[in-house]
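Notes for the one structure printed next.
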Amino acid sequence: MKETKEYTLYNDTVMDHFLNPRNMGDVQEADGVGEVGAAACGDIMKISLKIRDGKIEDARFKTFGCGSAIASSSMATELIKGRTLEEAKNFSNQEVVDALGGLPPVKIHCSVLAEEALKAAIEDYEAKQAKPVAA
Amino acid sequence: MEKRAVYLDHQTTTPVLEEALQAMIPYFREAYGSPSSLHRYGLQVREGLKEAKEKLAALINAESWEDLIITSGGTESSNLAIKGFADANHRKGNHLVVSAIEHPSVMNSIEYLTKHGFEVTYVPVDSVGRINPEDVRAAITDKTILVCVHLVNHDIGTIQPVKEIGKITAEKGIVLYCDALAAAGWMPIDVRDLGVQLLSFSPHRFYGPKGIGVLYRNRKARVTSHIHGGVQEGGRRAGTENVPAIIGAGVAAEVAVKEMAQRVEHVAMLQKRLYDGLWKHITYIKLNGPEPGPLRICNTLNLSTEFIEGEGQLLLLDYQGIAVASGSSCVSKSLKVSHVLSAIHLDHALAQGNIIMSLGKDNTVEDVDYVIETFQKIVDKLRNMSPMWKEFEEGVIDSVVTPTGKGKSFTQHAADISGKPVH
């Protein structure tokens, strides 16, 4: 038995991303914003993107949710920065799970939410591109 | 501020009292006989068991120690009370009346019976989780054999009008089972005054060891055994007794009786200080269950902090050395909000931000002040991270606790963006 304080609910990587989230906040004058909710648990995740020359230059998140939801959004934004839109469209939640060193089975949906938020932000960007800006 | 270790989950379990532990030790290696044995080793243990049961009986003012059945825990006690009573009395009727916010061991025992020919009426509760005795009366039919109402709710701390319900069941000649899991050791209990025929509790909730539970059962309530084997516990619960745990539980009960007044006074003082401090410093926060006072158990606060989720609060508190519980869906293995919070019709947004803090006799004023200061920082950190907080500030969604009249409800917003209604 280790000392009480040495036990954590999630692994060290998840705990690090939960306690010290990367890219937390909103991208100023974002090119695309995606906000999605999980019907299963009620968590909400928002990802905003800055896109330049077909690449994700900046990505930020805000999350209403549990530790693994916060860690998943932190990790997802870390992973997608610098990727092309085409690459980002193929982004899978499994990449988040792997990079976090695994999530408990009941928490896998948190990583799915991160994937959905990213894809919603890209869709938002593309919808804005398709629509001519009102003069 | 220096980090402290503050355990605020006493409604889940407590550490064993030093005097209880010391009393248990001889029963592992010196007095290790089985009370069923006829030799001196058995007789030696029998004496200790009887004394321990007398102390447990005194905690609830039972007529006799022989009215107690010792089980493996609170869960087995409620299973035995409900299934054992239903089995023994099914010829008299097949209808059960139960409050909507009972402990899972009660809810799931009842649900099991509904698959075996029993019918059940769930009695609703009001917004602070209190049962109206007249609703119990109205639910009783000529087929009713058992009414189940807990003394204190395990999640939100509401004290139920069990005595008033006991008058109704006595009038109708129906047996009343009371689960006193969240009450025993934290408020005086008198089975005769309450008018209950069955009552269960679990000593590890008041500084006794885990692994034993108690079911009080008086002569008016016949129960059929569900653990079959030898003739222990008067033939109602087979299996060699967990002697050291029963001895420890007896000591915990004896100390609880002796120190009840000062324990309740100390813990109630801390509860009030915690409540006042949190509500003074944190906005958009709601108490679930009654205000500290005569309708709430002295040791627990159940609160919902708006725009943030409960598991995140729990983890950040844990990181700062503070141990709490939560009824948020993210904390449950089934991803469902606590059925108690659903029964009081707590808004989805508030159910998600739920935290349960339960105090103990060894907590101090310094502990409480540390929790108040730490919790403020945690709420700020999580709100800063939450899209809901900014959307509230921008008037996109409204507060449930203190509505501004601007924006849609969180629940509506969550349903809009997830494409389906939540919960």
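Phi angles across segment B:230-245 convert, under the Karplus curve 6.51 cos²θ - 1.76 cosθ + 1.60 with θ = phi - 60°, into 3J(HN,Hα) values of x, 9, 8, 6, x, x, 9, 7, 6, x, 4, 4, 7, 4, x, 5 Hz, Gly and Pro given as x. Could you state the orientation-averaged shadow area of the convex hull built on the Cα atoms of segment B:266-423, in nm² to one decimal? Approximately 9.4 nm², given one-decimal rounding.
Taking B:LEU56, B:LEU359, B:LEU38 in turn, the Gaussian network model of chain B (Cα-Cα springs below 10 Å) assigns the largest fluctuation to B:LEU38. One decimal place: the segment A:TYR7-A:VAL106 gains 33.7 nm when fully extended, by the rule 0.36 nm per residue minus the C-alpha distance. Taking each residue as 0.36 nm, the span from B:MET1 to B:SER36 lengthens on full extension beyond its C-alpha to C-alpha distance by 7.0 nm.
Ranked by how many other Cβ atoms sit within 10 Å of their own Cβ, fewest first, the residues B:TYR216, A:TYR125 fall in the order A:TYR125, B:TYR216. For B:ILE227, the residues 5 or more places off, or on other chains, whose built amide H falls under 5 Å of its own are B:ALA238.
A crude spin-label estimate for the pair B:ASN108 and A:GLN94, with each label 7 Å from Cα along the Cβ direction, gives 3.4 nm. Which angle between 0 and 90 degrees, to the nearest 10, do you get for helix A:67-80 versus the longest principal axis of chain A when only C-alpha atoms count? In chain A, helix A:67-80 runs at an angle near 50 degrees to the longest axis.
Can you list, by residue number, the Cys in chain A that have no neighbouring cysteine C-beta under 4.7 Å? Cysteines of chain A left without a disulfide-compatible partner: A:CYS41, A:CYS110.
The lysines within cross-link reach of A:LYS5, meaning a Cα-to-Cα straight distance under 18 Å and a gap of 8 or more places when in the same chain, are B:LYS3. Peptide A:64-76 is shielded by partner chain Cβ atoms: per residue, an average of 5 of them sit within 10 Å of its Cβ. Each helix, a run of at least 4 DSSP H residues, gives -39500 (n - 2.57); summed and divided by the residues of the protein assembly as shown, these come to -12500 deg cm²/dmol at 222 nm.
Let's test the formula: R0 of 30 Å, r as the Cβ-Cβ distance of B:LYS163 and B:ALA238. What FRET efficiency results, to the nearest 0.05? It comes to 0.30. Scaling against 2.2 N^0.38 Å puts the C-alpha radius of gyration of segment A:4-129 at 1.01. Neighbours of B:ASN79, meaning other residues whose beta-carbon lies under 14 angstrom from its beta-carbon, give a summed charge of -1 when Lys and Arg score +1 and Asp and Glu score -1. Compute the signed sum of charges (Lys and Arg +1, Asp and Glu -1) over the other residues within less than 11 Å, Cβ to Cβ, of A:ASN90. Around A:ASN90, the charge tally is -1. Taking GluC sites (Glu not before Pro) in DSSP loop conformation with at most 12 other Cβ atoms inside 10 Å as exposed sites, chain B has its longest uninterrupted site-free stretch at B:64-393.
So what does the Cα-only Debye profile of segment B:231-299 read at q = 0.11, 0.26 Å⁻¹, as log10 I(q)/I(0), no solvent term? Relative scattering, expressed as log10 I(q)/I(0), comes to -0.52, -1.12. With both residues required to sit in chain B, DSSP beta bridges show an antiparallel share near 50%. Does anyone have the angle between helix B:104-114 and the longest principal axis of chain B? Alpha-carbon axes, 0 to 90°, nearest 10? Value to nearest ten degrees: 70. Counts of other chain beta carbons within 10 angstrom of each beta carbon in peptide A:43-50 average 4. Count Lys and Arg as plus one, Asp and Glu as minus one, and take only other residues whose Cβ is under 12 Å from that of A:GLY65; the net charge is then 0. Sequence-distant contacts, meaning Cα pairs under 8 Å at least 6 residues apart, place the relative contact order of chain B at 20 percent.
Would you mind classifying chain B by shape? Square roots of the alpha carbon gyration tensor eigenvalues, ordered a ≥ b ≥ c; an a/c under 1.5 is rounded, otherwise it is prolate if a/b is larger than b/c and oblate if not. It comes out oblate by the Cα gyration axes.
Amide H to amide H, with H built 1.01 Å from N, A:VAL27 comes under 5 Å of A:SER48, A:ARG60, counting only residues 5 or more places away or on other chains.
Of all DSSP beta bridges confined to segment B:18-256, the antiparallel ones make up roughly 35%. Among beta bridges from DSSP that stay inside the protein assembly as shown, the antiparallel ones total about 65%. Taking 17 Å as the straight-line reach from the Cα of B:LYS115, the aspartates and glutamates in range (excluding those fewer than 8 positions away in the same chain) are B:ASP87.
For the segment B:306-313, counting C-beta atoms of other chains within 10 Å of every residue's C-beta and taking the mean gives 5.
Ellipsoid semi-axes for segment B:1-143, based on the Cα gyration tensor and the rule √(5λ), read 36, 26, 14 Å when sorted largest first. Couplings 3J(HN,Hα) of segment B:390-398, computed from phi: 5, 5, 5, 4, 8, x, 6, 10, 9 Hz, in residue order, whole Hz [Karplus 6.51 cos²θ - 1.76 cosθ + 1.60, θ = phi - 60°; x for Gly and Pro]. Once you put a point 7 Å from the Cα of A:ASP16 and another 7 Å from the Cα of B:LYS406, both along the Cβ direction, what distance in nm separates them? Each label point is offset 7 Å from its Cα along the Cβ direction, giving 4.1 nm.
From largest to smallest, the equivalent ellipsoid semi-axes obtained for segment B:202-245 from the alpha-carbon gyration tensor read 21, 15, 7 Å.
Taking the three principal axes of the alpha carbon atoms in segment B:18-256, the coordinate ranges are 55, 35, 27 Å, sorted in descending order. By the Cβ rule of 4.7 Å, chain B holds the following cysteines without a possible disulfide partner: B:CYS148, B:CYS178, B:CYS298. With 20 Å as the limit, the listed pairs A:LYS107/B:LYS336; B:LYS286/B:LYS377; A:LYS50/A:LYS89; A:LYS107/B:LYS381 have A:LYS107/B:LYS381 beyond it between alpha carbons.
The Cα-based radius of gyration and maximum Cα-Cα distance (Dmax) for the protein assembly as shown are 26.7, 100 Å. Against chain B, whose longest principal axis comes from its Cα atoms, helix B:162-172 is set at around 60 degrees.
Every number in this text was worked out from the coordinates using simple rules, so none of it is lab data. Worth saying up front: this structure is predicted, and the values here are computed from it rather than measured. Positions of Cβ are backbone-derived with ideal geometry, glycine not excepted, and every protein chain shown enters the neighbour counts.
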